[in-house]
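The values are calculated or read from the model by the stated rules, or taken from the named source; none is laboratory data. Predicted, not measured: the structure shown is a model, and the values here were computed from it. Counting neighbours? That spans all protein chains shown, and the Cβs are built from the backbone with ideal geometry, glycine included. Surface areas here come from the heavy atoms of the whole protein model, side chains and all, with no ligands, DNA or RNA. Shrake-Rupley method; radii C 1.70, N 1.55, O 1.52, S 1.80 Å.
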There are 2 protein chains.
Amino acid sequence: MVVVCLDLEGVLVPEVWINVAERTGIPELRRTTRDEPDYDKLMRFRLDLLDRHNLRLPQITEVIDGLEPLDGALEFLDWLRERFQVVILSDTYYDFARPLMRKLRYPTLFCHNLVVAPDGRIEDYRLRMRDQKQASVIALRAVHFPVIAAGDSYNDTTMLAAADEGILFRPPDTVVAEFPQYPVTRSYDELRAAVLAAQGRLEGAGR
Amino acid sequence: MVVVCLDLEGVLVPEVWINVAERTGIPELRRTTRDEPDYDKLMRFRLDLLDRHNLRLPQITEVIDGLEPLDGALEFLDWLRERFQVVILSDTYYDFARPLMRKLRYPTLFCHNLVVAPDGRIEDYRLRMRDQKQASVIALRAVHFPVIAAGDSYNDTTMLAAADEGILFRPPDTVVAEFPQYPVTRSYDELRAAVLAAQGRLEGAGR
């Protein structure tokens, strides 16, 4: 049995912060890990922006409640869960992800926690650990699972490197150029085929 | 966010081997980890029995297809998945578990693989690793999740010991007597309450 680790935003659901940026009219919130590989820097920048515009958790949750999984994502994920064990590895926060997880029928999600004040102000964020995506892949391999990982951006590349097989899904050109070793997929059909090909290689290798 | 690790048989679904024993009329197949704590010994005994009675995988899968989750199990699991990350840790096999996982809406399952011949004969079994339940709990804690584990039998006690909080669910008296340190629950309402109490303690401790 193979474990498939998937990134969340950009792979199964829209980029949360980009949508928050659009609905709140704060274009600077469009910045993602695709633009800024230093995640701590990016989050500090975001929380400062929210503070300056007096945006609290309920307003952001409302935006996220209105998002739907990407076209075909639910069908892809259902297909995957029938054949593999799936763990979603994301650098989002459980507070943000909850409505999306419901729409995806509650797959297992490893991510982080926000620190929210009683009045809804997002005071801080708590990374569960540094580079939890890579650490989680290593932990799954340590309990003897072969791991296939798929993601779209900079913050996925360490988990792709730690996995037995890494796959890029709709990556920006910069990531494709910097990480030419991973197959690039642009549709769920292509991702399905890449996952099955990777599974075939792992099973061929006696895993 | 807390990860809840649950045993499968006896906690969410009926004991598979007991049901196979009943429907095939081979009473010796009723033996479980509740009776024989040495899992290797138990499995060798089972596979020998299947061979002697010429029982193959499709016949066993047919029996399992007819099983349903325990009364209230699906509602309990749905409740749990809305509030926690859930990983099912079982010493069953993916081949056996598949129809039950569908009925449980595909939670993440860590278990083992059978070695099946083209004619359906179960030739052997491959434990993914020794004491995978305990190792999986340790791996989850290593990626900074507090872990609550719940199970019913001998083969769950090492995962209960490795977890931050351990809970027994409908255990036999022998296990209760040998492991008095764990709270004993007998219904899903009691298990829900015990999980929430454990979560409260973990969060109180700043986890």
Enumerate the amide H contacts of A:Asp152 below 5 Å, restricted to partners 5 or more residues apart or on another chain; note that Pro and chain-start residues carry no placed amide H.
A:Phe169
Taking each pair of distinct Cα atoms in the protein assembly as shown once, what is the resulting Kirkwood hydrodynamic radius in Å?
22.6 Å
Given contacts defined as C-alpha pairs under 8 Å and at least six residues apart, what's the relative contact order of chain A, whole-number percent?
23 percent
How much length is gained if the chain between A:Glu82 and A:Leu202 is pulled fully straight, taking 0.36 nm per residue apart and subtracting their Cα-Cα distance, in nm to one decimal?
41.4 nm
Along region A:65-80, Karplus-curve 3J(HN,Hα) (6.51, -1.76, 1.60; θ = phi - 60°) to the nearest Hz, with x for Gly and Pro, reads 4, x, 7, 10, x, 4, 3, x, 5, 5, 5, 4, 5, 4, 4, 5
Size of the A/B contact, given as accessible area buried on both chains, probe 1.4 Å, in Å²:
2200 Å²
So in chain B, what percent of DSSP beta bridges are antiparallel if you round to the nearest 5?
15 percent
Counting only C-alpha contacts under 8 Å and six or more residues apart, can you give the relative contact order of region A:16-65 as a whole percent?
37 percent
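At 222 nm, what value in deg cm²/dmol follows for the protein assembly as shown if DSSP H runs of at least 4 each add -39500 (n - 2.57) and the sum is divided by all its residues, to the nearest 500? Kindly include the intermediate steps, with their values, before the conclusion.
Working: 18 runs with 186 residues, N = 414.
Here the helix-only value at 222 nm equals -13500 deg cm²/dmol.
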Quotient of Cα radius of gyration and Kirkwood radius for chain A, i.e. Rg/Rh, equals 0.97
Just to be sure I understand the model, the point goes 7 Å from the Cα along the line to the Cβ. What's the resulting A:Thr61 to A:Glu178 distance in nm?
3.4 nm
Position B:Lys103, label points 7 Å along Cα→Cβ, spacing to each other copy in nm (shortest first, one decimal)
3.2
Residues B:Leu74 and A:Asp48, FRET efficiency given R0 of 35 Å [Cβ-Cβ distance, rounded to 0.05]
0.20
Beyond 17 Å, what share of the Cα-Cα pairs of region B:67-126 remains, rounded to the nearest whole percent?
46 percent
Degrees between helix A:132-142 axis and first principal axis of chain A (Cα, 0 to 90, nearest 10):
30 degrees
Under 5 Å between amide hydrogens, which residues at least 5 positions from A:His112 or on another chain qualify, with H placed 1.01 Å from N in the peptide plane?
A:Thr92, A:Tyr93, A:Tyr94
List, in order, the whole-Hz ³J(HN,Hα) value for each residue of region B:170-178 obtained from phi through the Karplus relation with A = 6.51, B = -1.76, C = 1.60 and θ = phi - 60°; use x for Gly and Pro.
6, x, x, 4, 4, 5, 4, 5, 7
Compute the label-point distances linking B:Pro14 to its equivalents in the other copies; points lie 7 Å from Cα along Cα→Cβ; give nm, one decimal, shortest first.
4.8
Return the average number of partner chain Cβ atoms within 10 angstrom of each residue Cβ along peptide A:136-149.
4
Accessible-area composition of region B:16-65, carbon plus sulfur, in percent [1.4 Å probe]
45 percent
May I ask you to give the solvent-accessible area per residue for region B:16-65, in square angstrom, as obtained with a 1.4 angstrom probe?
54 Å²
Region B:52-118 to region A:88-119: how many Å between their Cα centroids?
26 Å
Label points for A:Ala117 built 7 Å along Cα→Cβ; distances to same position in the other copies, nm, shortest first, come to 7.1
